[in-house]
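**Q** Structure provided below as structure tokens; questions to follow.
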Amino acid sequence: MNLRYFKNIIPAAAVLFAAAGLSSCTGDLDVTPIDPSKTMVPDEAALFTKCYSNMALQGQGGQGGDCDIDGLDGGTAGFVRQLFNSNELTTDEAICAWGDPGIPAFNYNQYDASHPMLKGFYYRLYTGIAFCNHYLEVCAGIDATREAEVRFLRALYYYHLMDAFGNVPFATALMSTPPPQIQRADLFKWIEEELLAVKDQLMAPAARKDTDNGYGRADQDAANLLLARMYLNAEVYTGTARWAEAKEYAEKVINGPHKLWTTGTNGFSAYQMLFMGDNGSNGASQEAILPLLQDGVKTTAWCTSLFLMASTWKADMDTEGNYNTSELWAGNRARIQLVAKFFPNNDAPQVSIKDMAVAAGDDRALFFGIDRELSISTPTEFTSGYSVGKFRNTYAGGGSPHNSQFIDTDFFLMRSAEAYLIAAEADARLNGGTTSSTGANYINALRERAHTSTFNSYTTEQILDERSRELYFEGFRRTDLIRYGYFGGSNSGRYLWEWKGGSQNGAAFSADLNLFAIPAEDINANPNLTQNPGY
């Protein structure tokens, strides 16, 4: 099944509403047909696809339809949108000019248990778990591969909950009573066991394009990469470092078929092609391990790739005439610390996106500086700070976008470049803080792709900077800074960025903010829950 067309195969009957802690949706599923002669047969294909589409759409009704989550809208509860907001706006990479409730709190690390967007993210993840639990309950035994995929997706949703919220409600079935709270280390163990149990039942890994069967579905390398990511952060989640396993599972991906895309086309670099409107067909998708599929006609979502592009662009950025969407929202842009990863002397020129990469000597420096301030003196002004042109609806291989408003750019939620960075960091951690030649080669593969200089070895600090250069605005930075001790806590004053902690020059803040608060609504609804410290 090609999931690019999934909106046409999800009937309204497949819509479920997950509410507090997975409990209140149960009654919605106990449906008796009005006509007793009718047999209620679950639509396995639709339920299966819904487990994926929860990450890519706000709901069933397209651009004007209701959100899947009762009481929230797609902007507040969109998976990619809130993955970005929670993991980028809180860090040295991004800041947003808007005053929407919750945005300033992200910008200044001042979020609490009533934060509306964290609430939306939390319930979006639990909605996905509810879909997965329902599928596993009513479709068990129909298709072993798809069942394994749904178990993987459920583990992925729980991973994001573990990373963001720590000790969270836990259920592997739909419940009529409030679920218990699981400790973070115990959830880590459950996710690990679940991934190890299902990974060999997933599709064999393969480089796929959007015309290939299985594109957009998780294969065995999705499980390998998620395990590698978890092991890289195991010390944060469990108190015990597991660098060797991080390297082992990352190398499974590196040695598999999801190779780095290294061939530029029609003046666009190979790196740019990962984030363009035809990235499902231009060849770059060989790097995609789990793409979230977008189509300007069939997936009219405000919360996925359109958000990543529209929120970062303004009309004056388009010096080539091909951003290919009417949606230009002028909100998110780079903090000076991100630009400094490419221009360490803070001398980035005021030039176009194309010229910026040339000036940086690195294809990944996709910033726009014309009529922009490098430093952010006014957080509420879009031109205060350099713009980011990483995501676009341009077709590198020629051809036309499907829609003038909504875009076709798939979002590569998991891509193999991450495995190279994990393996290199784990290698350095195992070798006293500096890579061996093997670890250095992993970093050099990324830098060679970006047409920038390479070195014989890299320290863990240099690898942290390299992660920013490669993965910026893709939803990783908060987790990385926490792993290095640079987010909240006793060491957080060692690394300050503009407006960290609400101060223009940056200010340290409590380690309590390394976790987000469990939404107050869930604390009030579930007597089994204890709030995270500091909230």
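**Q** Taking the stretch 69-81 on its own, how many of its residues are at pLDDT 95 or above and either open to solvent by 10 Å² or more (accessible area, probe 1.4 Å) or under 11 Å from residue 123 (Cα atoms) (or both)? Spell out the reasoning first.
**A** Quick first cut of the stretch 69-81, residues at pLDDT 95 or above only: 79-81.
Retained after the next criterion (residues that are either open to solvent by 10 Å² or more (accessible area, probe 1.4 Å) or under 11 Å from residue 123 (Cα atoms) (or both)): 79, 81.
Matching residues across the stretch 69-81 total 2.
**Q** For residue 164, all conditions in the list (1) over 26 Å from residue 469 (Cβ atoms); (2) modelled with pLDDT of 95 or more hold save one; what is the number of the exception?
**A** It is condition (1) that residue 164 fails.
**Q** Another one. Can you tell me which condition residue 174 does not meet? The list is (1) in contact with a strand residue (DSSP E or B) (Cβ under 6 Å, 6 or more places away or on another chain); (2) modelled with pLDDT under 95, and all the others hold.
**A** In the conditions (1) in contact with a strand residue (DSSP E or B) (Cβ under 6 Å, 6 or more places away or on another chain); (2) modelled with pLDDT under 95, residue 174 misses (1) alone.
**Q** Ok, one more. Could you check the stretch 481-497 and list, in sequence order, the residues that are assigned to a loop (DSSP other than H, G, I, E, B), surrounded by 20 or more Cβ atoms within 10 Å (Cβ to Cβ) and in contact (Cβ under 8 Å) with a residue 24 or more places away in the chain? Step through it out loud before you land on a result.
**A** Kept after step one, since they are assigned to a loop (DSSP other than H, G, I, E, B), are these residues of the stretch 481-497: 484-491, 495-497.
Subset that is surrounded by 20 or more Cβ atoms within 10 Å (Cβ to Cβ): 486-488, 497.
Answer for the stretch 481-497, where residues must be assigned to a loop (DSSP other than H, G, I, E, B), surrounded by 20 or more Cβ atoms within 10 Å (Cβ to Cβ) and in contact (Cβ under 8 Å) with a residue 24 or more places away in the chain: 487, 488, 497.
**Q** Is it true that residue 277 is of a type in the set (Gly, Ala, Ser) and surrounded by fewer than 24 Cβ atoms within 10 Å (Cβ to Cβ)? Before the answer, list the steps.
**A** Values: of a type in the set (Gly, Ala, Ser): yes; surrounded by fewer than 24 Cβ atoms within 10 Å (Cβ to Cβ): no.
Considered against the rule, which asks whether it is of a type in the set (Gly, Ala, Ser) and surrounded by fewer than 24 Cβ atoms within 10 Å (Cβ to Cβ), residue 277 comes out as no.
**Q** Quick check: is even one residue across the stretch 200-213 part of a helix (DSSP H, G or I) and in contact with a helix residue (DSSP H, G or I) (Cβ under 8 Å, 6 or more places away or on another chain)?
**A** Within the stretch 200-213, the subset part of a helix (DSSP H, G or I) is 200-201.
Now narrow it down to the ones that are in contact with a helix residue (DSSP H, G or I) (Cβ under 8 Å, 6 or more places away or on another chain): 200-201.
Yes, the stretch 200-213 contains at least one residue that is part of a helix (DSSP H, G or I) and in contact with a helix residue (DSSP H, G or I) (Cβ under 8 Å, 6 or more places away or on another chain).
**Q** Quick one: what pairs do we get from the stretch 43-68, first residue free of Cβ contacts under 8 Å to residues at least 40 places away in the same chain, second in a helix (DSSP H, G or I) and open to solvent by less than 30 Å² (accessible area, probe 1.4 Å), C-beta under 6 Å, 6+ apart or different chains?
**A** Within 6 Å, the pairs are 46/14; 67/74; 67/77.
Here is a yes/no grid of residues against (1) under 21 Å from the mean Cα position of the chain (by Cα); (2) under 29 Å from residue 495 (Cβ atoms); (3) of a type outside the set (Lys, Arg):
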residue: 299; (1), (2), (3): yes, no, yes
residue: 316; (1), (2), (3): no, no, yes
residue: 325; (1), (2), (3): no, no, yes
residue: 329; (1), (2), (3): yes, no, yes
residue: 335; (1), (2), (3): yes, yes, no
residue: 338; (1), (2), (3): yes, yes, yes
residue: 347; (1), (2), (3): no, yes, yes
residue: 353; (1), (2), (3): no, yes, yes
residue: 356; (1), (2), (3): no, yes, yes
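Let's see how each residue does on (1) surrounded by fewer than 21 Cβ atoms within 10 Å (Cβ to Cβ); (2) over 21 Å from residue 154 (Cα atoms); (3) touching a Pro at 6+ places or on another chain (Cβ under 6 Å):
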residue	(1), (2), (3)
219	no, no, yes
232	no, no, no
235	yes, yes, no
272	no, yes, no
284	no, yes, no
289	no, no, no
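The values are calculated or read from the model by the stated rules, or taken from the named source; none is laboratory data. Computed from a predicted model, the values in this text were never measured in an experiment. Positions of Cβ are backbone-derived with ideal geometry, glycine not excepted, and every protein chain shown enters the neighbour counts. Protein only, heavy atoms only, side chains kept; ligands, DNA and RNA dropped before computing areas. Shrake-Rupley method; radii C 1.70, N 1.55, O 1.52, S 1.80 Å.
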